[in-house]
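Reviewing the structure listed below.
Please treat every number below as a calculation from the coordinates, not as lab data. No experiment lies behind these values; they were computed from the predicted model shown. In this analysis, Cβ positions are derived from the backbone assuming ideal geometry, glycine residues included, and neighbour counts consider all displayed protein chains.
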């Protein structure tokens, strides 16, 4: 038989367990659900070079996308059947189109360029739960639909996709989905070997989990921890870069939108690594030796699995090589593009 002391300890242990469960169940509900203040209109706070376009998306009145452009239809010039392919630049998780601003003019030497904010990042639309019907606009499938809707909007039939991190994932998925439209891939530290935890949809959708996702979204969006971690040397991040990376904070409700995205990502698996051998387009894969987000070995493995890929390693560079090491990135891309261009 248990002694009186043992019974007391057991009861205390059970009480502690009940308190922990209650804290986990009730505690998240105390996270403030009110949206962050800010502008209701993105154009009112946008930098001078910013542009906007509305794309169709089923279940909504359309989604406004913020973009930057050089040359081509997206920049107001006329295209044509003989026009070169358009470079479409895809940023990574928590970043925005301005992650490419140091390379826009470089790409413009080779053809039209289009860089856009994937929702809900930067100054693009930030739809909130209850404002759409049908497909969740934050699903991986929806991101792919939005990419092709943007290409359709500008009549882009031939594209070279340039993707960093999760933008590389999106580029690879697009190459599989519509290979006839994607002529080539430039992948900077592509995030293809996902190791993030996944939850059942019912669990991720609980009010408590949505509040936790909101809290995480606020932390990521306010503190920008991934920006610092994505540089080999964070001292290279100047005030302008930090300001551009935080443009989303100018918009009202950005935090609720980021929370909605994170909630959906909790049960949306990344499975592109299973299909790399099916991506046959020419690909340039770039990694920095000091990448703390996507290990160099992962990027090398991806390049070795892609049937038609070339790997370039940049010494002393981190995860967002297009920001930290733009000259080295431009040199690697120039060599790759020149090698693919037939001599006159």
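A few notes on this one:
- Share, in percent, of DSSP beta bridges within the chain that are antiparallel, nearest 5: 25 percent
- Distance cut-off 18 Å, percentage of C-alpha pairs in the range 245-314 lying past it: 59 percent
- Residue 201/residue 40 FRET efficiency (R0 35 Å; Cβ-Cβ; nearest 0.05): 0.65
- Overall, the ratio between the Cα radius of gyration of the range 150-281 and 2.2 N^0.38 Å, rounded to two decimals, is 1.22.
- Take the Cα radius of gyration of the range 85-178 and divide it by 2.2 N^0.38 Å, N being the number of residues; the result is 1.07.
- Gyration tensor verdict on the range 208-262 (Cα atoms; rounded if a/c is under 1.5, prolate if a/b is larger than b/c, oblate otherwise): oblate
- Cα-derived Rg to Rh of the chain, Kirkwood definition: 1.04
- Comparing mean-square fluctuations of 221, 253, 155 from a GNM of the chain with C-alpha springs under 10 Å, the top value falls on 155.
- Semi-axes of the equivalent ellipsoid for the range 199-344, computed as √(5λ) from the eigenvalues of its C-alpha gyration tensor and ordered from largest down, come to 33, 22, 14 Å.
- Fluctuation leader among 54, 131, 94 - the chain, Gaussian network, Cα springs under 10 angstrom: 131
- Degrees separating the helix 207-223 axis from the principal Cα axis of the chain, which is the longest one: 50 degrees
- Residue list for the range 317-339, given a label point 7 angstrom along the Cα-to-Cβ vector of residue 242 and an amide N cut-off under 20 Å: 318-321, 323-325
- Helix-only arithmetic for the chain: the sum of -39500 (n - 2.57) across DSSP H runs with n ≥ 4, divided by the residue total, places the mean residue ellipticity at 222 nm at -11000 deg cm²/dmol.
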